[in-house]
Structure formats: C-alpha cells, structure tokens
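Inspection log for the structure reproduced underneath, given as structure tokens.
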Amino acid sequence: MTPVTTPSPSRRAEGPSGTAEGPGPEEEQALQARFDAAVAAEERIEPRDWMPDAYRATLVRQIAQHAHSEIIGMQPEANWITRAPSLRRKAILMAKVQDEAGHGLYLYGAAETLGVSRQELLDKLHEGRQKYSSIFNYPTLTWADVGAIGWLVDGAAITNQVPLCRCSYGPYARAMVRICKEESFHQRQGYELLLALTRGTDAQRAMAQDAVDRWWWPSLMMFGPPDDESAHSARSMEWKIKRHSNDELRQRFVDICVPQAEALGLSLPDPDLRWNEERGHWDFGAIDWEEFRQVLKGNGPCNEQRLARRRAAHENGAWVREAAAAHAAKHAAGGPRRSATAPAARSRA
Ligand code: FAQ
C-alpha cells in the first residue's frame, strides 16, 4: 500500500489569509503551485486540501461512474443466485454480489469527500446523466456466464484498478486497495468455476466456450475508447488519477488472458490473436467501437432493463432509508443507547 502523506496545512483551502469568498488570484496561484508540486512528489491530495475545480470534477465523474458500475454490476450475476447448481456455488455467488454492493458504498463514500451527496449521484444515474460501465448491459444467459464474468470482467476490473491504488486522491486510492483484494477473489472464483465446467461434460465445456465467446470483446471495451479518442486520459494521467492509458491496460489484460485461456482449454474468439516477438505482446483484432458507442448511447441489449431495475430497487428501499434516518435522529437526540441495555440482556441469558 502506498504510504499516506499527511497534508501540509499550507496546502489546505482554509489558509490563514483565506476569506469566506475563497483565495484571491495570487493566493490561488500559490495553491495551484503547491498542488502541482504535491502531485509531482507523489503525495496524496486529501479532502481538505486545495485542488483545482477541474481535478475535483474529474474525480467526481470517474468515482461516480465507478460506484454506479459496482451497484448496477450486481444485477447480471444476481440473476443466477436462485439457479446456482449447488449450495456452495450459491453461497459464493451471494457473497460476491454483496461485495459489489460494498464496493459501491466505499466509492460513494469517497465521492462524498469531494462535496457531492450520494443522493445527487444516484439521481444522476437514475436520470441517465451519469454513466456506468458498458459491460453490465449484456445479458447473463447461462450459468457459465457467472464464470466468464468472474474471470474476464473482474479480471479486466483488477487490471484497470490496481494502478488506481496509487491514484493521487487519497480516499479513492485507499478505497481501491480493499476493492482490489476482493476483486482478486472474484476473479479466481470465476476461473475456478470455468475450470470445473471445462473438466466436465461436452455440454458443460460448450457452455463455457459460448460464455467466453460472448464476454471477450465487451471485456476489452471496459478499458474505454482507444487512446486517440479518450477525452480525459491525458489530463487524468498528468494529475496521476490514471497511471496508464486505456490501450496500455487493454494490452496488459490481453497478455494475461491468453495463457490463462490456454490453461482452461478454451479459445478466445479472435482469429487475429498472435504473439508479436518484436513487441513482446499479443497482437489482437479490431474492436467493434460502433457497438461500444451504441451501448453507451443506451442501445445495448440490457440498458433499459438495468436502469429500470435500479430505479425500482431505489424506490422499494425508500422505507429502509427513512427508518435508518429516523433511528439515527433518535440516537442523536439522546435516545436509548445499546451499551446501556446490553449487559442486562447478557446477564439474563
Ligand atoms: N463504459 O476519456 P475516457 C467492475 C466513457 S467496475 C461506459 O477514456 P476516462 C467491478 C467515459 O466515462 C467497472 N463508459 O474516460 C465489477 C467518458 O465519458 P464521460 C467500472 C465508458 O474516465 C465486476 C468517455 O467514455 N470500472 O467491473 C467506458 O479517462 C463484476 C470517454 O472515455 C471503473 O469505472 C465504459 N467501458 O477512462 C462489478 C474503473 N469507457 O464521463 C460487478 C474506474 C469509457 O466524459 C461485477 N474508471 N467510458 O461522459 C476508469 O478507470 C476510467 O473512468 C475508464 C475510462 C478507464 C473507464
């Protein structure tokens, strides 16, 4: 884990000469210089530090999109919880889907440190004003899809997210450390599930191959548009929010997957995949970016269904949020404390 630096008070927005209106132009220049120096020195930017508005906005955009992906990403796999083939598989899948909800919580929490509320972000998701990952707009047609999601989707997520543990913004970087640990279990359970299928009957092997055929290309799209079309990459890399470009990470993922597919006894659906001795990487075929654009526009196979389900879940959960708020308000007003009653309850037991 990257060491956490304590922000120097002089980087804080509320400096001794700060006014209610914020810093004047000269002070702002000095704050900008300090921010740039902190980023260059690999220090962490913390919530109370001064930061450029565009840096804050970029983080809110990326973290919100990431958080939304985690909670929308619960749906495709949750579709298989009731039909998992054994109690063991059901327990594993339930734990995984719950982990994704937890990841959403850490990430909404990280976004809140930037001054946006969770409600505001959820409203934007529900109104289609903020994105979530394209990958979750594809259907899970068979049990093998649960394995393919674990192996490929979680695998792509880890490849993309391990460098985010070194993101310049402290709360996001720290949330990513825990998320990546959990994601690597998810990836292994997917691989192990596929391994069980490929060692099974012909029908099970065919089901595993079919799932990999359908999830391979959408997984490559998770890394975002090619570098020359990526609107935010250059700036995000300067700010050390992103550490690698979309294409670099996509290539890293392909290089990791090819030998793993071989070990599984599965093929990847790309006739142009071949080892390039000169580059020291696997060459791969052209991605259908038109499909990616259509999914982002809302025209993927499951976009409507995913958002409708999310909105319904939010509405159905209103009573839980209200009850939790009422409970918190009661305790804040000095209501009964659990610690006062617990010993008596224990002594009666
Ligand atoms: N889907 O300029 P760039 C998971 C948008 S979590 C949808 O390259 P950037 C765990 C992008 O937002 C998966 N939109 O953007 C799990 C921007 O639009 P905007 C999510 C995409 O931010 C597993 C526009 O295109 N992971 O899987 C996509 O520099 C299993 C231009 O793109 C993260 O969010 C896409 N694939 O780079 C859960 C990781 N790609 O905002 C359940 C953190 C791009 O201007 C089950 N995020 N766009 O309207 C990132 O690393 C970056 O945001 C990228 C995009 C790499 C996704």
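Within region 227-332, which helices (runs of 4 or more DSSP H) (wholly inside it) include 2 or more residues that are under 30 Å from Y55 (Cα atoms), open to solvent by 80 Å² or more (accessible area, probe 1.4 Å) and touching a helix residue (DSSP H, G or I) at 6+ places or on another chain (Cβ under 9 Å)?
233-238, 246-264
Kindly establish whether V97 is touching a Lys or Arg at 6+ places or on another chain (Cβ under 9 Å) and open to solvent by less than 30 Å² (accessible area, probe 1.4 Å). No, not satisfied. Across region 176-216, the qualifying residues are those that are under 30 Å from R44 (Cβ atoms) and acidic (D, E), and the one among them that is most open to solvent (accessible area, probe 1.4 Å) is E182. Looking at the structure I just gave you, is E77 more than 16 Å from the ligand (Cβ to nearest atom), in contact with a Ser or Thr (Cβ under 9 Å, 6 or more places away or on another chain) and farther than 21 Å from G224 by Cβ? It is false that E77 is more than 16 Å from the ligand (Cβ to nearest atom), in contact with a Ser or Thr (Cβ under 9 Å, 6 or more places away or on another chain) and farther than 21 Å from G224 by Cβ. Inspection of region 60-71 identifies at least one residue that is under 23 Å from A325 (Cα atoms), in contact with a Gly (Cβ under 6 Å, 6 or more places away or on another chain) and within 11 Å of the ligand (Cβ to nearest atom). So, of the residues in region 224-260 that are hydrophobic (A, V, I, L, M, F, W, C) and out of contact with any Phe, Trp or Tyr (no Cβ under 9 Å at 6 or more places or on another chain), which turns out to be farthest from the ligand (Cβ to nearest atom)? Only one residue tops the list, namely I256.
Looking across region 133-184 at every residue that is away from the ligand (no atom under 12 Å from the Cβ) and in contact with a Phe, Trp or Tyr (Cβ under 7 Å, 6 or more places away or on another chain), the one that is nearest to Q62 (Cα to Cα) is identified as S168. Considering region 102-132, and only residues there that are within 15 Å of the ligand (Cβ to nearest atom), under 20 Å from V177 (Cα atoms) and of a type outside the set (A, V, I, L, M, F, W, C), the residue that is most open to solvent (accessible area, probe 1.4 Å) turns out to be Y106. Scanning region 194-223 for residues that are outside any helix (DSSP H, G or I) and within 11 Å of the ligand (Cβ to nearest atom) yields a total of 2.
The values are calculated or read from the model by the stated rules, or taken from the named source; none is laboratory data. Predicted model only: the values in this text are computed from it and were never measured. Cβ: placed from backbone, ideal geometry, glycine included. Neighbour counts: every protein chain shown. For the accessible areas, the whole protein counts, side chains as well, though only heavy atoms, and no ligand, DNA or RNA atoms are used. Shrake-Rupley method; radii C 1.70, N 1.55, O 1.52, S 1.80 Å.
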